[in-house]
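A short write-up of the structure that comes next.
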Amino acid sequence: MQILDGRKASQAIKNELKIEVAQLVVEGKKVPHLAAILVGNDGASETYVASKVKTCEEIGFKSTLIRYDNDVSEYKLLEKIEELNHDPDVDGILVQLPLPKHVGDENVINAIDPDKDVDGFHPVSVGRMVQGLPTYIPATPHGIMLLLEHYKIETKGKHAVVIGRSNIVGRPMSVLLSSNSNPGNCTVTICHSQTKNLKELCLQADIIVAAIGKPDYVTADMVKEGTVIVDVGITRVEDKSKKSGFRLKGDVDFENVSSKCSWITPVPGGVGPMTIAALMKNTFRSCMQKN
Ligand code: NAD
C-alpha cells in the first residue's frame with residue numbers, strides 16, 4: 001500500500017503558485033485576491049476558512065475575510081456578494097458552507113458572479129463542467145483529480161465507485177471521473193443512501209471515492225485487493241487524549257483497509273490539503289483572466 005499524500009502534492013502546487021505570484025509582482029501586475037465570507041462560529045468552518053486565509057498569505061495572494069453573526073439576514077449577505085462581484089480587485093468569492101437555516105444556500109451561491117465562482121458551485125460553473133468546457137471545478141473534486149494526476153494513478157477504463165451524491169463532492173466527482181480526460185475515462189457508479197448493494201458494488205471497484213460523512217463506513221470486506229481509495233470524509237470524533245477533545249476520522253476504516261489497497265489517502269493529510277490547493281488554483285486562474 002502506498003499513501004496518496006495530500007500534504008506533499010498540495011505543497012508542490014502551492015510552490016508553483018508562489019513562483020507565479022512572485023513573477024506577477026516583478027511585472028507590476030495584480031496579485032490574486034480571494035474574499036471569504038464566514039457566517040457564525042462553527043468550529044469546523046472556522047478552521048477551514050482560517051487555513052484558506054493562511055494559504056493565501058503563504059503563496060502571496062491577497063485575502064479578505066468577512067465575518068457575520070449567525071443571525072445575519074440573507075439580504076445583507078446578497079448585498080455583500082453584489083459589492084464583491086463589482087469590486088475589480090476581487091478575483092474569487094467564497095462563502096463557507098453550511099449557512100444558517102434561515103439563509104437559502106442556493107440564493108447565495110446563485111448570486112456569485114460565475115467569473116468569480118472559485119468554489120465552482122454556481123449552476124453556470126456546474127453546467128460548463130458537465131459539458132467539459134473550461135470552468136471553475138468545485139475545489140474538493142478538483143483537488144482529488146490533481147492528487148490522482150500527481151501520483152500518476154491510471155484511471156482510464158477503470159471502474160470507479162463514488163459513494164455520496166452531494167453537489168460539492170460526490171456528484172461532480174462522478175462527472176470528472178467519467179469525463180474524457182486524464183485523469184478520467186472511468187466507468188463510474190455513483191452510490192448514495194438509497195443504494196441497496198453497496199458492498200457488492202464496492203467489491204467491483206478499481207477506485208473508491210468515499211464522501212459520506214460516516215466514520216469507518218467503508219470496511220475491509222468491501223474492498224478488493226489493489227483498489228485505489230480516496231477518503232473524503234472528515235468527522236470529528238471524541239478523543240479525550242487530545243487537547244481539542246476530538247480527532248478527525250475519515251469514511252474509510254484506514255487501519256484494516258490499507259493493507260488491501262494499492263493507494264489510499266490518509267485523514268487528515270489527504271483530500272483536505274488538496275481542496276485548499278485547488279481553491280488557490282481556481283483563484284489564480286480567475287486573476288490571470290484579468291491580468
Ligand atoms: P453530504 O452530507 O452532503 O452528502 C453525503 C452523501 O452520502 C449523500 O449524498 C448521501 O446520499 C450519502 N450517504 C449517506 N449515507 C449513506 C450510506 N449509508 N450509504 C451510501 N451513501 C450514503 O456530505 P458532503 O458535503 O458530500 O461531505 C461528505 C463528507 O466529506 C463529510 O464528512 C465532509 O465533512 C467531508 N468533506 C471533506 C472535504 C475535504 O476537503 N476533505 C470537503 C468537503 C466535504
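Projecting label points 7 angstrom from Cα along Cα→Cβ for Leu203 and Glu82 puts them 5.8 nm apart.
For the chain, the per residue solvent-accessible surface stands at 48 Å², with DNA, RNA and ligands left out and a 1.4 Å probe.
Relative contact order, whole percent, for region 28-113 stands at 40, derived from Cα pairs under 8 Å and 6 or more residues apart. Screening the chain for whole DSSP H helices of 27 Å or more along their axis (Cα) with average Kyte-Doolittle hydropathy at least -1.0 returns 6-26. Just grab the label-to-label distance for Lys243 and Met288, each label 7 Å out from Cα along the Cβ direction, in nm (one decimal). So the label points at Lys243 and Met288 sit 3.9 nm apart. When you count the other C-beta atoms within 10 angstrom of each residue and take the mean per peptide, 78-86, 196-204 line up highest first as 78-86, 196-204. Report, to the nearest whole %, how much of the accessible area of the chain belongs to carbon and sulfur atoms, 1.4 Å probe, protein only. Of the solvent-accessible surface of the chain, carbon and sulfur hold 51 percent.
Here each label is just a point 7 Å from Cα along the line to Cβ, and for Ser193 and Val130 those points are 2.2 nm apart.
Contact order, relative form, for the chain: 21 percent (alpha carbon pairs under 8 Å, 6 or more residues apart, mean separation divided by residue count).
Considering only Ala36, Thr47, Val26, and ranking their Cα positions along the charge dipole of region 10-122 that arises from unit charges at the beta-carbon of Lys, Arg, Asp and Glu, the one farthest toward the positive end is Val26.
Cβ-Cβ distance of Glu20 and Asn110, R₀ of 45 Å, FRET efficiency by 1/(1 + (r/R0)^6): the value works out to about 0.90.
The values are calculated or read from the model by the stated rules, or taken from the named source; none is laboratory data. If you're wondering where the values come from, they're calculated on a predicted model, not measured in any experiment. We place every Cβ from the backbone using ideal geometry, glycine too, and count neighbours over all the protein chains shown. Heavy atoms of the whole protein, side chains included, go into the accessibility calculation; ligands, DNA and RNA do not. Shrake-Rupley method; radii C 1.70, N 1.55, O 1.52, S 1.80 Å.
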